[in-house]
Amino acid sequence: RLYYAGGWIDVDLGDSGHFGYGETDDHRYDEVVDTGYITGCSLLVRSSVLELIGYMDEDYFLYFEETEWCVKAQSHGFRLVYMPKSIVYHKESVSTRKISGAFTYYMTRNRLYFMSRNGNKVRWLKRLRTDLHSLLRCIYHLELVHTRSMVVAYWHWLRGFTGPLECPSKCKL
């Protein structure tokens, strides 16, 4: 199964995604193509590029650090290229599955952080509406860990907390 065959970023909505995700490799993605996003687990870059634009921002800790790095690389005129012959084996979200609510927390908080640094403020209402819908769905299905993780993520983003937290699902408001 494919994890990544190129990608895209919507800076204003704080969204990114992979082409080919979960699909059987039927060789549909066998061409070298420019892409809008490269997932961090398969990013290969020259040291001269790092010297010019810097490393990924550690304030993210987890999720969106490579997204912002890709935006920065493109803004400096570098191409992002999908190379179909490269093979990387990746166990998705292994570290965040160990901590209940961690994925929801970091994706929510870091998406907001990414948007506040890179996005168009006019589109924030759409993001808030989407997150409110997700929050209400979690409440309806009694997914209390995810509900709490989203609320804490918004609170921490508003307070300016960045980087790793010891246990995202149990952080006090």
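The values are calculated or read from the model by the stated rules, or taken from the named source; none is laboratory data. These numbers were taken from a predicted model, which means no experiment stands behind them. Note that each Cβ is placed from the backbone with ideal geometry, even for glycine, and that neighbours are counted across all protein chains shown. The accessibility values were calculated without ligands, DNA or RNA, using every heavy atom of the protein model including side chains. Shrake-Rupley method; radii C 1.70, N 1.55, O 1.52, S 1.80 Å.
Can you work out which of the residues in segment 26-70 that are in contact with a Gly (Cβ under 8 Å, 6 or more places away or on another chain) and aliphatic (A, V, I, L, M) is farthest from LEU165 (Cα to Cα)? Ranking the candidates gives VAL33 first.
Given the options GLY7, GLY54, GLY20, name the one that is open to solvent by less than 40 Å² (accessible area, probe 1.4 Å) and within 28 Å of VAL122 (Cα to Cα). Spell out how you get there, then give the answer.
Details: GLY54 fails: within 28 Å of VAL122 (Cα to Cα); GLY20 fails: within 28 Å of VAL122 (Cα to Cα).
Answer to the selection: GLY7.
Among the residues of segment 103-139, the ones that are surrounded by fewer than 22 Cβ atoms within 10 Å (Cβ to Cβ) and over 16 Å from LEU13 (Cβ atoms) come to 6 in all. Give me the residue from segment 24-51 that is in a helix (DSSP H, G or I) and more than 15 Å from TYR82 (Cα to Cα) and, out of that set, least open to solvent (accessible area, probe 1.4 Å). Top of the filtered list is VAL49.
Scanning segment 97-151 for residues that are of a type in the set (A, V, I, L, M) and assigned to a loop (DSSP other than H, G, I, E, B) yields ILE99, LEU142. For segment 49-84, give me each residue that is in contact (Cβ under 8 Å) with a residue 24 or more places away in the chain and acidic (Asp, Glu). Residues satisfying the conditions are GLU58, ASP59, GLU65, GLU66, GLU68.
Does segment 64-82 contain at least one residue that is open to solvent by 70 Å² or more (accessible area, probe 1.4 Å), assigned to a helix (DSSP H, G or I), at pLDDT 85 or above and of a type in the set (Val, Ile, Thr)? No, segment 64-82 contains no residue that is open to solvent by 70 Å² or more (accessible area, probe 1.4 Å), assigned to a helix (DSSP H, G or I), at pLDDT 85 or above and of a type in the set (Val, Ile, Thr).
If a residue has to be within 15 Å of PHE114 (Cα to Cα) and open to solvent by less than 80 Å² (accessible area, probe 1.4 Å) to count, how many in segment 144-167 make the cut? So the count comes out to 7.
Is it the case that TYR89 is closer than 24 Å to GLY36 by Cα, hydroxyl-bearing (Ser, Thr, Tyr) and modelled with pLDDT of 90 or more?
Numbers: closer than 24 Å to GLY36 by Cα: yes; hydroxyl-bearing (Ser, Thr, Tyr): yes; modelled with pLDDT of 90 or more: no.
No.
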